[in-house]
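Report on the structure given below.
The values are calculated or read from the model by the stated rules, or taken from the named source; none is laboratory data. Only a predicted model underlies this, so the values are computations on that prediction, with no experimental measurement involved. All Cβ positions, glycine included, derive from the backbone under ideal geometry; neighbour counts span all protein chains shown. We work out accessible area using only protein heavy atoms, side chains counted, and drop any ligands, DNA or RNA first. Shrake-Rupley method; radii C 1.70, N 1.55, O 1.52, S 1.80 Å.
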Amino acid sequence: MTLGRLSIPFERRGATGVVDAEVGVNDDPAAYGCPEFARGFAWCRATVTPPARGYADALGWIQLIDWEQMEGGDGFLIDPFAPLGEVSHPFGFFGFAPTMFDAPHTDRPLQTSDFVAHSFLCGLGPEPLAGRFEADAVLGFSWGFRVREGEFEIQSPALLGPEDWDRHHDYLTDSHPGWTFLPGFT
């Protein structure tokens, strides 16, 4: 069940597009590829339109999350796509007009918990310079959930600004030293 939506227009390299983000409650875990204990948690899906024309439209999603349920969770950390294991790039999803999907959950009982995600659509620099890759953020939005006394409150997507991206710069640079993260939104 969708609880909140946000449409974000953008322009990149002379082309215009829109990201449509939606957040809802996981009321059918099997349909979302989740175990039954994920019921009641939030899910988020963000789609990019129009479809890509070519290499210049290659984009990726960098999502950072703050959730004390994560190992080492003491602030925002990159949220990787777990089925791929450890990868050398910062993207959870990548491709031509890539869809971002997340449905966080834990089998631990939660009485009080906060999950906050910062999801950024990013492009790549034209070619690696001196062996370094380049990522530039196009836009960003936050979403998440709160648990109080075992009850979930889903947070609808909300627009993030370039200053939010810039706050993650030091962490991104430290965690991916072969990458350059351009400041602001491009």
Please work out the FRET efficiency for the pair Y55 and D20, using the Cβ-Cβ distance as r and a Förster radius of 22 Å; give the result to the nearest 0.05. 0.40
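About the Cα centre of the stretch 66-125, how large is the charge dipole given +1 on each Lys and Arg Cβ and -1 on each Asp and Glu Cβ? Please answer in debye to the nearest 20.
Charge dipole, the stretch 66-125, about its Cα centre: 240 debye, nearest 20.
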Taking a point 7 angstrom from the Cα of F37 along the C-beta vector, which residues in the stretch 90-127 have backbone N less than 20 Å away? 102-116
Can you pull the percent of the chain's accessible area that's carbon plus sulfur, 1.4 Å probe, other chains left in place? 55
Of the candidates V138, V147, V19, which one comes out as most mobile in a Gaussian network treatment of the chain with C-alpha springs shorter than 10 Å? V147
Taking only protein heavy atoms into account and a 1.4 Å probe, give the accessible area per residue of the chain in Å². 51
Share of pairwise Cα separations in the stretch 1-152, more than 28 Å, in percent: 23
Starting from the Cα coordinates of the stretch 1-65, work out the convex hull volume and express it per residue in Å³. 116
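With charges set only on the Cβ (+1 for Lys and Arg, -1 for Asp and Glu), what does the dipole of the chain come to about its Cα centre, in debye to the nearest 20? Could the numbers behind the result be given before it?
Values: 11 positive and 27 negative charges, 119 e Å.
Here the size comes out at about 580 debye.
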Would you work out which of S119, G131, V147 lies farthest towards the positive end of the dipole of the stretch 106-181, given +1 charges on the beta-carbon of Lys and Arg and -1 on that of Asp and Glu, about the Cα centre? V147
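Contour minus end-to-end for Q111 and E163, with contour as 0.36 nm per residue of separation and end-to-end as the Cα-Cα distance? Write down the numbers at each step before the final one.
Numbers: separation 52, 0.36 × 52 = 18.72 nm, distance 3.23 nm.
Result: 15.5 nm gained on full extension.
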